[in-house]
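Below is the structure I would like to discuss, written out as structure tokens.
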Amino acid sequence: MSVFARPQAERETDLLAALTELTAHHRERCEPYDRILSSLGVGSSFGSTAELPWLPVRMFKTHDLKSVPDDEVFKVLTSSGTTGAGASRIHLDKEAAAVQPRQLGATLREVLGGKRLPMLMVDTIGIIKNRRSFSARGAGVLGMANFGRNHVYALDEHDRPDVPAIKEFLARHGSEPFLIFGFTFMVWQYLYEVAREHDLDLSNGILIHSGGWKKLVDIAVDNAEFRRRFAEDTGLTRIHNYYGMIEQIGTVFLEGPSGNSLYCPDFADVIIRDPDTWEEQPVGVPGVIEVLSTLPRSYPGHVLLTEDLGVVHGVDDGDWPGKRFSVLGRLPRAEARGCSDTFSGAVA
């Protein structure tokens, strides 16, 4: 069953009920969260999803926010913040650790189909060595690995392109659909440039990628150019960017087949807010992205104000139902999340 099925009005009705219940759930189980909401005078009923109380995503860098007892914490995920505010710490119990990859899988099935495909990881296997406490990049790599088989890592242990390994993967699997995953600037630097140089055929690939646009913007490669060059030089046309964050792990907003917008799965949504009044912006007017998801039950991350700017392009008028939107960049002076741009490999 598709998770890109609900028209916006139906989605909002269902989300309002679920997120109101989640807000009460977290107030009861997370004392710091309840204190924050009480100090703001937040009540227990809300007229719309836009009225739900949000937390700034930065709170997870400065506060220990969890809705499960310490002895039920199964895994702690950490973001890779790059400056003073530190790293977010996201606490998962066993139930959350099971539900989130399941919902991620339901989201990705929309473009991958039901079968696990041979998988080329544009990364090094070293990124997933510590299985209890992952960086955001490591969590992304390990999470995506579940959706593939016959995994091959495109970088060697020294973070250099392993051209023979890539060629061998394509010789074995390149004549059938295969999955490619990586963070955006790494995909460009370590797959596109290698494929162009060695005349590799990626036409049967399906690329899932995210993050790391800043270094590409610096060399004048935006999303449209990224897609154009891959198509022209490697034959790769099935390309899906996604937007997500470790503070809402398991929820991703996926680029549709047309390639010009991100879409919300049925269990999630976005609201664009005016950075001065915090009111919801109309379609076509940029603002700060708020993300909503029914997945976070072990920590109060269900309604978060990000540090990203975005714009909704339309509602129920694109590849899939619901809002379609774009991420425009970071808020000025906001700390870079650093989920992929902390990569240690040299970028030419």
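The values are calculated or read from the model by the stated rules, or taken from the named source; none is laboratory data. This one's a predicted model, so the numbers in the text were calculated from it and none came from an experiment. Methodologically, a virtual Cβ is constructed for each residue, glycine included, from the backbone with ideal geometry; neighbour enumeration extends over all protein chains shown. Accessible surface areas use protein heavy atoms only, side chains included; no ligands, DNA or RNA. Shrake-Rupley method; radii C 1.70, N 1.55, O 1.52, S 1.80 Å.
Of all beta bridges DSSP finds with both residues in the chain, what is the antiparallel percent, to the nearest 5?
Among the beta bridges of the chain, antiparallel pairing accounts for roughly 60 percent.
Taking the Cα-to-Cβ direction at E193 and at T20 and moving 7 Å from each Cα, how far apart do the two end points lie in nm?
Each label point lies 7 Å from its Cα, and together they span 5.3 nm.
Check which residues have an amide H placed less than 5 Å from F178's amide H, if you skip close sequence neighbours.
Under 5 Å from the amide H of F178: G205, I206.
Related question: Under a point-charge model restricted to the Cβ atoms of Lys and Arg (+1) and Asp and Glu (-1), what is the dipole moment magnitude of region 2-100 relative to its Cα centre, in debye to the nearest 20? Could you put the intermediate results ahead of the total?
Working: 11 positive and 14 negative charges, 84 e Å.
The calculated dipole for region 2-100 is roughly 400 debye.
Any idea what the dipole of the chain comes to, in debye rounded to 20, about its Cα centre with Lys/Arg Cβ at +1 and Asp/Glu Cβ at -1?
Rounded to the nearest 20 debye, it is 800 debye.
W278 to V315: FRET efficiency via 1/(1 + (r/R0)^6), r the Cβ-Cβ distance, R0 30 Å, to the nearest 0.05?
For W278 and V315, the calculated efficiency is 0.90.
Over the chain, what is the mean sequence separation of C-alpha contacts under 8 Å (at least six apart), divided by residue count, expressed as relative contact order in percent?
21 percent
Would you calculate the separation in nanometres between label points at L40 and E10, each defined as 7 Å from the Cα along the Cα-to-beta-carbon direction?
Reported label-point gap for L40 and E10 is 3.1 nm.
I would also like to ask the following. Run the Debye formula on the Cα coordinates of the chain, all scatterers equal and no solvent, and tell me log10 I(q)/I(0) at q = 0.08, 0.09, 0.11, 0.13 1/Å.
These q points yield log10 I(q)/I(0) values of -0.37, -0.47, -0.72, -1.01.
Residue farthest toward the positive end of the dipole of the chain, with Cβ of Lys/Arg at +1 and Asp/Glu at -1: which of S2, G174, G235?
Positive-end residue among those listed: G174.
Can I ask one more? What does the accessible area per residue of region 100-237 come to in Å², with a 1.4 Å probe and no ligands, DNA or RNA counted?
So region 100-237 comes to 44 Å² accessible per residue, rounded to a whole number.
If you roll a 1.4 Å probe over region 225-296 with all protein chains in place, what percent of the accessible area is carbon or sulfur?
C and S atoms contribute 49 percent here.
Which of K167, K66, K323 ends up with the largest GNM mean-square fluctuation for the chain, with Cα atoms connected below 10 Å?
K167
Further question on the same structure: Spelling out what I want: for every residue of region 117-125, take phi, set θ = phi - 60°, compute 6.51 cos²θ - 1.76 cosθ + 1.60 (Karplus), and round to whole Hz; glycine and proline get x.
Values per residue, Gly and Pro as x: 9, x, 10, 9, 9, 8, 6, 10, 5 Hz.
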